[in-house]
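Participant: I am attaching a structure below and will ask some questions about it afterwards.
The values are calculated or read from the model by the stated rules, or taken from the named source; none is laboratory data. Bear in mind the structure is a predicted one, so any value in this text is a computation, not a measurement. Cβ sites come from the backbone with ideal geometry, for glycine too, and all protein chains shown count toward neighbours.
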Amino acid sequence: MPKPIHSYIWRYALILVAVGLALLPVAWMATMAFKPHTEWATSAADLHWWPHEETWANFEFIFTGQTDAVNITHERTAGKPILASLVTALLGTLIAVVAGTFGAYAVSRFKVGANLPIGVLQLRLFPPMAVMIPVMIMWVFIGAMDTWWGLSLIYGIVTLPFAFWLMKTFFDEVPREIEEAALVEGCSWFRVFWKVTLPMVKAAIASTALFVFILNWSDYVIALLLTRKDWVTIPVYMNSLSNVMSGQMYGAKAALGLIAALPPVVFGIAIQKYLVRGLTFGALKQ
């Protein structure tokens, strides 16, 4: 018996309300980015959704450190932090996904190390501050403080458990019979892995890479502790956007937040054809 139409109406109405509530902060940030200083540096009673006088001054400020709209300057611009975030997040994602993929395949197929999965997971069980203090000492000793490779390496290490466990789940869903058939035909294990298994889980790799990239891209604590000036990332730079006279520079922060939201969105759109298949990989396996 078909469901009455009003049940579908209520269902989609609730979905629209949930989506609207989720997008409310994004809409506020987008409008704040185009508000002049006089509209966001005001009392709460005078705040309004849409800017009365749209301006690009907030974007001009974060890229030049000053703007003609108001007499405020900043010693740093957002160009280098954006580049630092892109480089370290991409390299950290590459390290985590490559190492996690090889490790997950070894555990899934050859049962290498009975306690290895739990050992990898322990990297995320310790409190971040308890781990970062010895890491800081180690990074100073090897000269990795405030460097692109030092921050990329720690990003790869920290997000490795996510990549490892996600890829292990995906490899467990790949039928072993396909690999065994390739072995019978004379392929080596590495050739089976490279030519047979990897193409089957490329959607899973794409979804794992997106998840890990978002974790690295949005990190604040690690970048705050391991960078000083040269490789400060977007979250750390955003925290410095304040002024003695005007307090928190909400317009500039909103403009930078709008820019910071673009890379994950672009990355997700670029791999969207793999995302649904990757996130539901093995869900219909009998």
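Participant: If I filter segment 37-50 for residues that are under 21 Å from residue 259 (Cβ atoms), modelled with pLDDT of 85 or more and of a type outside the set (Lys, Arg), do I get at least one hit?
Facilitator: Checked against the condition, which is being under 21 Å from residue 259 (Cβ atoms), modelled with pLDDT of 85 or more and of a type outside the set (Lys, Arg), segment 37-50 yields no hits at all.
Here's the yes/no breakdown for (1) farther than 19 Å from residue 220 by Cβ; (2) surrounded by 15 or more Cβ atoms within 10 Å (Cβ to Cβ); (3) of a type outside the set (Lys, Arg):
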{"site": "120", "(1), (2), (3)": "yes, yes, yes"}
{"site": "125", "(1), (2), (3)": "yes, no, yes"}
{"site": "130", "(1), (2), (3)": "no, no, yes"}
{"site": "134", "(1), (2), (3)": "yes, no, yes"}
{"site": "137", "(1), (2), (3)": "yes, no, yes"}
{"site": "149", "(1), (2), (3)": "yes, no, yes"}
{"site": "153", "(1), (2), (3)": "no, yes, yes"}
{"site": "156", "(1), (2), (3)": "no, yes, yes"}
{"site": "166", "(1), (2), (3)": "yes, yes, yes"}
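Participant: Moving on. Does any residue of segment 72-85 turn out to be assigned to a helix (DSSP H, G or I), of a type in the set (Lys, Arg) and either surrounded by 14 or more Cβ atoms within 10 Å (Cβ to Cβ) or modelled with pLDDT of 80 or more (or both)?
Facilitator: yes
Participant: Going by what's in this entry, would residue 107 be described as within 15 Å of residue 219 (Cα to Cα), among the β-branched types (Val, Ile, Thr), assigned to a helix (DSSP H, G or I) and touching a Lys or Arg at 6+ places or on another chain (Cβ under 9 Å)?
Facilitator: It is false that residue 107 is within 15 Å of residue 219 (Cα to Cα), among the β-branched types (Val, Ile, Thr), assigned to a helix (DSSP H, G or I) and touching a Lys or Arg at 6+ places or on another chain (Cβ under 9 Å).
Participant: Out of the residues in segment 236-247 that are on the phi < 0 side of the Ramachandran plot and small (Gly, Ala, Ser), which is modelled with the lowest pLDDT?
Facilitator: Ranking the qualifying residues of segment 236-247, first place goes to 246.
Participant: Only one residue in 169, 208, 233 is at negative phi, out of contact with any helix residue (DSSP H, G or I) (no Cβ under 6 Å at 6 or more places or on another chain) and among the β-branched types (Val, Ile, Thr), so which one is that?
Facilitator: Being at negative phi, out of contact with any helix residue (DSSP H, G or I) (no Cβ under 6 Å at 6 or more places or on another chain) and among the β-branched types (Val, Ile, Thr) holds for just one of 169, 208, 233, which is 169.
Participant: Here are some residues: 13, 30. Which one is over 25 Å from the mean Cα position of the chain (by Cα), part of a helix (DSSP H, G or I) and either modelled with pLDDT of 85 or more or closer than 20 Å to residue 256 by Cβ (or both)?
Facilitator: 13
Participant: Residues that are farther than 18 Å from residue 209 by Cβ and either among the polar types (S, T, N, Q) or in a loop (DSSP other than H, G, I, E, B) (or both): does segment 150-159 have at least one?
Facilitator: No: segment 150-159 contains no residue that is farther than 18 Å from residue 209 by Cβ and either among the polar types (S, T, N, Q) or in a loop (DSSP other than H, G, I, E, B) (or both).
Participant: In addition: Could you check how many residues of segment 174-198 are more than 23 Å from residue 100 (Cβ to Cβ) and touching a Phe, Trp or Tyr at 6+ places or on another chain (Cβ under 8 Å)?
Facilitator: Qualifying residue count for the region: 1.
Participant: Next up: Return the residue satisfying two criteria in turn: it lies in segment 208-231 and is surrounded by 23 or more Cβ atoms within 10 Å (Cβ to Cβ) and of a type in the set (S, T, N, Q), and of such residues it is nearest to the chain's Cα centre (by Cα).
Facilitator: Per the stated criteria, the residue is 216.
Participant: Out of 141, 126, 164, which single residue is among the hydrophobic types (A, V, I, L, M, F, W, C) and outside any helix (DSSP H, G or I)?
Facilitator: 126
Participant: Output the helices (runs of 4 or more DSSP H) that fall wholly within segment 176-261 and possess 1 or more residues being under 30 Å from residue 128 (Cα atoms), or say none.
Facilitator: 202-217, 221-226, 234-239, 250-260
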